[in-house]
Amino acid sequence: MRETIRWGVLGAANIADKFVVPAIQRSRNGRVTHIAARDGARAKAFAAKHDIPATCADYDALLQNDDVDAVYIPLPTASHFDWCRKALEAGKHVLCEKPIAMTAAQVRELIALRDATGLLCVEAFMVAHHPQWRHVRERIAEGVIGELEHVEGCFTYFNDDPGALKNNLELGGGGVRDIGVYPVVTTRIATGAEPVDVRAEVTIDPRYGTDKLAVCDVRFADFSLHFYCGTQRARRQSMVFHGTRGWIAVDAPFNPGVYDHARVRTRTDSAGEVESVTFDDADQYRSMVENFCSKLLGAQSEIVFPLESSLANQIVIDQILSFA
């Protein structure tokens, strides 16, 4: 029985270069064996940098390669659905960057295709694998902050480069799809609850046609979520869960190590003190890869973030963008 999943990567994107490919290479049960990029020279340089044995002429050639078990897709957002579909039809398991599709309807199509082929198709929400979110979920469930009443969050960075993919409407650019997904998904992970109503104010950049700021109010049955996301603001991210008897703050909820330490602070009125727990040794990208590979290799572990959860998240994103 094989102990390692052989990965092919479609594209030499920045997130593949900095985060996901290194995570696959240091995982205990995965190895990148093939890379394809639109620029052959870039593919070869990427392969040399990450110790990848082979390059492929193009994406289709990689999908037809019998020595590839699974593919990782870090292409522009508007390409995700088509290449997920092509990969599944070629018999490859798929891990795709978020958002995995442009609409909830497309996610439903991927669920149907996953079920028809019996292959694995997963959205690469690394935050679902970070232990700080397990900690937050457990603390809320224990009732240490009383009844949860309100969640507030933000995720911002500054990028007004006209050549950036994130500012290209045709490629699926815009802040909601890029970063607005995170406050939604982490609230859902932490509470196990799903929204019942969504309202938003979305500001469009007239130069690019992409959303540069979204201020969102998401109502759950027993609590509310208010967050903003922006692509032309100073870099910041935070999530705070307010209860009747205290609060839980996550200092770097999405990109620990880049924005801040992986630190969760809990304040309870009864104690009058703030408890601080850090998770600086956690490797959310590696954990994501190992969860995926373990499932393929026959382990008993279940996929932490299945497409059904992707669908629930995409429904909220579609609703937010309907206000644009």
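All of the numbers you see were taken from the coordinates with simple rules; none came from a lab. As the structure is a computational prediction, the values presented were derived from the model and not from experiment. Please note: Cβ atoms are built from the backbone with ideal geometry, for glycine as well, and neighbour counts cover all protein chains shown.
What is the sum of charges, Lys and Arg at +1 and Asp and Glu at -1, for the other residues whose Cβ falls under 14 Å from the Cβ of Ile52? Walk me through the numbers on the way to the answer.
Values: positive: Arg6, Arg26, Arg31, Arg42, Lys44, Lys49; negative: Asp17, Asp51, Asp67.
Neighbourhood net charge equals +3.
May I ask you to sort His130, His150 by Cβ crowding, counting other Cβ atoms within 10 Å and putting the fewest first?
Working: His130 25, His150 13.
Fewest to most other Cβ atoms nearby, the residues stand as His150, His130.
If packing is taken as the average count of other Cβ atoms within 10 Å, what order do 99-105, 184-190, 161-167, 317-323 fall into, highest mean first? If you can, show how the numbers build up before the last one.
Details: 99-105: 20.3, 184-190: 24.0, 161-167: 13.9, 317-323: 17.9.
Highest to lowest by the protection proxy: 184-190, 99-105, 317-323, 161-167.
Using Cβ counts within 10 Å as a stand-in for footprinting exposure, how do Ser276, Ser309 rank, fewest first?
Working: Ser276 13, Ser309 19.
The order, fewest Cβ neighbours first, is Ser276, Ser309.
Taking the dipole about the Cα centre of the chain, with the C-beta of Lys and Arg at +1 and of Asp and Glu at -1, give me whichever of Gln237, Ala54, Ala124 is farthest to the positive side.
About the Cα centre, the residue reaching furthest to the positive side is Ala54.
Helix-only estimate, please: 222 nm mean residue ellipticity of the chain, summing -39500 (n - 2.57) across DSSP H runs of length 4 or more and dividing by its residues, to the nearest 500.
Values: 9 runs with 96 residues, N = 324.
-9000 deg cm²/dmol, from helical runs alone.
Which of Glu275, Glu142 comes first, and how do the rest follow, when ranked by fewest Cβ neighbours within 10 Å?
On the way: Glu275 14, Glu142 8.
By the 10 Å Cβ count, ascending: Glu142, Glu275.
Taking the Cα centroid of region 274-311 and of region 205-252, what is the distance between the two, rounded to the nearest whole Å?
Between the Cα centres of region 274-311 and region 205-252 lies a distance of 24 Å.
Residue by residue through region 209-221, what is 3J(HN,Hα) from phi via Karplus (6.51 cos²θ - 1.76 cosθ + 1.60, θ = phi - 60°)? Round to whole Hz and write x for glycine and proline.
x, 9, 6, 9, 8, 9, 10, 10, 10, 10, 9, 9, 4
Taking the chain, how much of its Cα-Cα pair set, in percent, is spaced more than 36 angstrom apart? Please report the intermediate quantities before stating the final value.
Values: 9408 of 52326 pairs.
Here the long-distance tail beyond 36 Å is 18 percent of all Cα pairs in the chain.
So what is the orientation-averaged projected area of region 66-176, using the convex hull of its C-alpha atoms, in nm²? Don't jump to the answer; show the numbers that get you there.
Values: hull surface 40.5 nm².
Averaged projected hull area, Cα only: 10.1 nm².
Given R₀ = 25 Å, FRET efficiency for Ala116-Asp66 by Cβ-Cβ distance, to 0.05?
Numbers: r = 21 Å, r/R0 = 0.85.
FRET efficiency, Ala116 to Asp66: 0.70.
With the calculation restricted to Cα positions, what are the radius of gyration and Dmax of region 132-225 in angstrom?
15.8, 48
Report the gain in length on full extension from Asp222 to Asp280: 0.36 nm times residue separation, minus Cα-Cα distance, nm rounded to one decimal.
Full-extension gain reported as 17.7 nm.
Take the cross-link list Lys44/Lys212; Lys44/Lys92; Lys18/Lys295; Lys86/Lys212; Lys49/Lys212 and give me the ones stretching past 29 Å between alpha-carbons.
On the way: Lys44/Lys212 35 Å; Lys44/Lys92 23 Å; Lys18/Lys295 25 Å; Lys86/Lys212 31 Å; Lys49/Lys212 34 Å.
Pairs exceeding 29 Å: Lys44/Lys212; Lys86/Lys212; Lys49/Lys212.
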